[in-house]
1. Rounded to the nearest percent, how much of the accessible area of the stretch 150-299 (1.4 Å probe, protein heavy atoms only) is carbon and sulfur?
2. Please calculate how many Å² of accessible area the stretch 376-459 carries per residue, with a 1.4 Å probe and no DNA, RNA or ligand atoms counted.
3. Which residue, Gln85, Ser296, Val105, has the largest displacement toward the positive end of the dipole of the chain when charges sit on each Cβ (Lys, Arg +1; Asp, Glu -1)?
4. Counting only DSSP beta bridges with both residues in the chain, tell me the antiparallel percent, nearest 5.
5. Work out how far the C-alpha atoms of the stretch 325-415 reach from end to end along every principal axis, then list the three figures in whole Å, largest first.
6. List the residues, sorted by chain then number, that are 5 or more residues from Arg355 or on another chain and whose placed amide H is less than 5 Å from its amide H.
7. Figure the gain on full extension for Arg397 and Lys236 (residue separation times 0.36 nm, minus the Cα-Cα span) and round it to one decimal in nm.
8. Output the pairs from Lys235/Lys295; Lys445/Lys498; Lys405/Lys488; Lys421/Lys483; Lys356/Lys382 with a Cα-Cα distance over 18 Å in this structure; if there are none, say none.
Amino acid sequence: MRGCGTRLVWLLVLALAWLDPALGGEEEDGAVVAEEEEDEDEVLSDELKEEDSVLVLHEHNFARALSEHRLLLVEFYAPWCGHCQRLAPAFAQAAATLRNESSVVRLGKVDATAQAALASEFGVTSYPTLKLFRDGNRTHPLAYTGRMDAKGIVRWMQRRASPSATLLHNATTAAAFISSQDLVVVGFFKDLGGEAAQVFYEVAGEVVDMPFGVAEAAELFQAYGLAADTVCLFKKFDEGRTDFPVDPAQGLDAAKLTQLLRVHSLELVMEFTNETSDQIFGAKIPHHMLLFLNKSSSAQLGLRDGFRAAAGAFRGQVLFVVVDVTGFGADVLPFFGMTPADAPTLRLVKMENNRKYQMEQDAFSDTAIRAFVQAVLDGKVKPHLMSAEPPEDWDTRPVKVLVGKTFEQVAFDETRNVFVKFYAPWCSHCQEMAAAWEELGERYKDHKDIVIAEMDATANELENITIRGFPTLHYFPAGPGRKMVEYKSARDVETFSKFLENGGTLPEEPPTVPKTPENSTGSEEPSPLGTAESRDEL
């Protein structure tokens, strides 16, 4: 969790997997600039050097690297970037694996802060950025879309080093291919050179965690009961096979097919584990219905039958997930304001805004579950909002401590200007600015019309405000209208004061262009409470 020392909670996985499974976070650089001029005594050549099996690239050897390696995946990084530092071991591990397997595939890296010309040429504006260069072509690199771990990088590169789909010649090879894995995709096309088949190959190149086969033999169409072009998902669970016929008029749509495969490759009811978490969030299903239970209780295990019976009616719209409160799922309980003693219980999470819904009375029949889910989808159920209890001295401190129950009366007090910090206890950026916020509270503690406050957004939720990163700062000006202004400038006492003294805006000043990137005044921790962008903004 960005170095905060805690394990995954439910929506931190969402922040990393829902928005961008390829990156899992990035750090932006408004303009890529060189950190400092290179040592005049150092003369760079086109020699290709390595660090941990990764080619070290710069403007003098980049062309040579492209000419010598047919498939070259390049990471553009910044030395100070936390995401890049966390990626480095996995990137090196993937580089070593791929180098041992094939001379065709290599991995390289470019310090984009020192190699400004290369960063500019390839449009690098955030870190890390990974691009694949093929056959020496430097004008149209392919953006990396895999997962940011060693296994994901290796899979993604292997798929591009070989045909994305295996050609199945006859019934024997098809049967062997289909039985070889728990989950396989086969495209049946009467013309492998046609547009639909090409879209299928495109999808096969991107969806690297499923094996893809392709067939055009008439005997295979007959063997599998098909009369027209069809994509078939074969699986050793649930219904066993799902067909996606190709529309004769519209053909195949790559994005739609990818989503269908993601949805139907999941079991109808998933168990939340370390191994399945990527699948659960990678499918991008907009709602999650969760059954929290204690797997050591046979009575609670029996509740899965009704849960499963309800799931089929919502496939693709609601993902049904079982969470063991004594196993891997224990770590997500605080996000729901729960303890193991609350099991068995049901919750529905709306993924776009992290709203959580709770049945008024837990009922575990398939009929009751279906009715509850449909009511939430129809907008007939209000979200369940968590709130901590306010400390006894919450309003006597220089920095007022807000909770869900007290937020409205303070933030929307029409007689006061209220500046609120929304934080997470584990967030390192929040901890770094804590002293400045306390100093700000001291500075304005005797101002009757200005209130400095803070709220733990991991323990308190608000109906109409979604916190997407930590820390988030909002200013609520006095007067009617329930106005709110998000503060996005430097996080120091003097700038805060200018903002407050100027009525919730900063006075305009001549722009300055720093010589080096500064990552101390706008960085955010991703929120485990929402669909936050997982990045540190500069």
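1. On the way: 3380 of 6690 Å².
Carbon plus sulfur share of accessible area: 51 percent.
2. Working: 4260 Å² over 84 residues.
Counting only protein heavy atoms, the per-residue value for the stretch 376-459 is 51 Å².
3. Projecting each Cα onto the dipole axis, the largest value belongs to Ser296.
4. Details: 45 of 83 bridges.
Of all bridge pairs located within the chain, approximately 55 percent are antiparallel.
5. Largest to smallest, the principal-axis extents are 51, 33, 24 Å.
6. Result for Arg355 returns Lys350.
7. On the way: separation 161, 0.36 × 161 = 57.96 nm, distance 6.04 nm.
Length gained between Arg397 and Lys236: 51.9 nm.
8. Details: Lys235/Lys295 26 Å; Lys445/Lys498 16 Å; Lys405/Lys488 26 Å; Lys421/Lys483 16 Å; Lys356/Lys382 9 Å.
From the list (Lys235/Lys295; Lys445/Lys498; Lys405/Lys488; Lys421/Lys483; Lys356/Lys382), the Cα-Cα distance tops 18 Å for Lys235/Lys295; Lys405/Lys488.
The values are calculated or read from the model by the stated rules, or taken from the named source; none is laboratory data. Note that this is a predicted model, so its numbers are computed, not measured. Here the Cβ is made from the backbone with ideal geometry for all residues, glycine too, and neighbour counts use every protein chain on show. Note: accessible area is taken over every heavy atom of the protein model, side chains too, but ligands, DNA and RNA are not part of it. Shrake-Rupley method; radii C 1.70, N 1.55, O 1.52, S 1.80 Å.
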